[in-house]
Structure formats: C-alpha cells, structure tokens
Amino acid sequence: MTICLVTDRRRLAASATDAAAARCLLAQVRHAAAAGVDLIQIRERDLEAAALAALVREVLATTRGTSTRVVVNDRVDVAIACGAHGVHLRAGSMPAAVVRRLAPTRFVIGVSIHGASELAAAGGADYAIAGTVFPSESKPNDPRLLGVDGLRRIVREAAVPVLAIGGMTLDRMAEVAAAGAAGVAAIGLFMRAGESAHEGCRARDLDDIVVNARARFDSAISRS
C-alpha cells in the first residue's frame with residue numbers, strides 16, 4: 001500500500017501567520033516521515049517559484065534519511081532545481097511522457113485523473129491519483145465525484161498503480177482497497193480535527209493513522 005500526504009498549509013493552520021503556517025507544515029512533514037508515509041506531495045499552489053523552492057528544500061531537509069519521497073505539485077522546474085524526488089502533474093498539465101524525457105533518472109512522476117477518459121495522460125507516469133472518490137472538505141460538491149464504482153473502472157483500465165483521493169478516512173480504507181486501488185492520498189486524514197490551541201496548527205502524530213490505514217487496507221486485500 002502506498003500512502004501519500006498532500007500538503008495544504010492554509011487548511012492545516014488556517015488562522016496562523018505565514019511563518020507559523022510554514023512551521024506547522026514542517027511539523028506535519030516530520031510526523032509523516034516518522035510514521036513511514038511513503039510520499040509527500042507539496043501542493044501549495046499560491047506560492048511563487050522562489051517561496052515554493054525554499055519550502056521544498058526545507059521539506060527535503062526534514063525528510064532526509066527517511067524512506068519518504070517528496071514530489072512537487074505541477075512545478076517540474078522547481079522539483080528538478082531543488083532535487084525533489086519527483087513531480088505530481090495536475091490534470092491537463094504537461095504530459096508525463098514529455099516530463100520523463102526532461103527529468104533525471106529515477107524521477108518520480110504522478111498524474112491526477114478524474115475519469116477513465118484522462119488515463120492517456122498517465123502514459124510515462126509512475127502512478128496516478130484518482131478522485132474525487134468521496135465528498136471531502138476540500139471538494140464537498142465536486143461534480144466529477146467518482147464514487148467507488150468510478151474508482152474501480154479507472155483501476156481496471158489503468159496501466160499504472162492508482163491511489164484514491166477525496167474524503168479518505170480509516171473507515172473507507174477497505175472500500176478503496178476492494179476497488180483495486182494501490183493506496184490512498186489525502187489531506188484531512190493527516191490533520192487534527194479542529195484547531196489546536198498552539199498557533200492553530202492541526203499537525204499531529206501520525207503513527208496510529210498510518211498503522212491503522214495499512215492494517216485495514218491490507219486486511220481488505222487479503223479477504224478479496
């Protein structure tokens with residue numbers, strides 16, 4: 001099972017200053033790496049290139065020496081310049097096959113897809129993230145909601161491993177595993193509910209979340 005944490009510092013620390021939100025994000029990254037999260041996707045779309053690059057370098061320094069890999073959302077230039085492990089391409093972005101020709105050896109490439117019709121964009125990628133599967137805090141009314149059946153169709157037709165995203169909870173691990181997903185990607189799953197008293201930071205220890213997610217996912221696979 002592959003577990004991917006997608007960052008969102010504005011949701012992680014909504015009431016914090018910019019500096020405090022960045023500290024909160026790095027605390028979340030430390031917890032994720034310590035818990036054995038496989039992949040961290042830095043998805044901070046409001047940041048300009050220089051600020052994003054500075055954040056990417058801090059995340060890479062924080063995860064150094066762990067098994068956690070770091071990919072940058074859509075910014076191929078920033079990912080390569082900072083020495084990130086890879087890039088995650090938005091739907092409609094540069095084709096993965098083109099990025100593969102530009103990227104270093106062993107560069108990880110992921111793509112976002114919202115339906116089976118977009119699977120062609122995954123050619124040359126290492127994995128795809130499919131969603132939105134369930135309504136989520138980020139996309140409560142997404143008109144492209146896949147549901148489990150939609151996820152299953154994508155998995156069946158995909159030539160790469162597919163991670164499910166959107167409304168991921170521990171109780172839903174078995175459903176997405178039974179649909180054939182190779183793992184999950186999530187934002188809210190890795191945050192404390194509500195806001196803590198300290199700078200409004202929702203970062204939390206993730207050991208129990210990761211252990212339980214793997215156990216429920218693997219158990220569903222073993223029963224299928």
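The values are calculated or read from the model by the stated rules, or taken from the named source; none is laboratory data. Quick caveat: nothing in here was measured; it's all calculated off a predicted structure. FYI the Cβ positions are ideal-geometry reconstructions off the backbone, even for glycines, and counts take in every protein chain you see.
Filtering segment 158-186 to residues that are surrounded by 21 or more Cβ atoms within 10 Å (Cβ to Cβ) and in a loop (DSSP other than H, G, I, E, B) leaves GLY166, GLY167, MET168, ALA179, ALA181. Being assigned to a helix (DSSP H, G or I), touching an Asp or Glu at 6+ places or on another chain (Cβ under 8 Å) and without any contact (Cβ under 8 Å) to a residue 40 or more places away in the chain is the filter; apply it to segment 23-54 and report the residue that is nearest to ASN73 (Cα to Cα). Within segment 23-54, the match that is nearest to ASN73 (Cα to Cα) is LEU52. When you go through ALA61, ALA32, ALA54, ALA91 one by one, which is the residue that is modelled with pLDDT under 95 and either of a type in the set (Gly, Ala, Ser) or in contact with a His (Cβ under 7 Å, 6 or more places away or on another chain) (or both)? The unique qualifying residue is ALA91. For segment 125-142, the set of residues classified as modelled with pLDDT under 85 and in contact with a helix residue (DSSP H, G or I) (Cβ under 8 Å, 6 or more places away or on another chain) consists of SER136, GLU137, SER138, listed by residue number. Of the helices (runs of 4 or more DSSP H) entirely within segment 72-157, those holding at least 3 residues that are more than 23 Å from ASP46 (Cα to Cα) occupy 96-102, 147-157. The residues listed here are ARG223, ARG204; of these, the one that is surrounded by fewer than 18 Cβ atoms within 10 Å (Cβ to Cβ) and at pLDDT 95 or above is ARG204. Among the residues examined, ALA122 does not qualify as modelled with pLDDT of 95 or more and hydrophobic (A, V, I, L, M, F, W, C). Against the numbered list (1) surrounded by fewer than 17 Cβ atoms within 10 Å (Cβ to Cβ); (2) within 19 Å of ALA21 (Cβ to Cβ), ASN73 comes up short only at (1).
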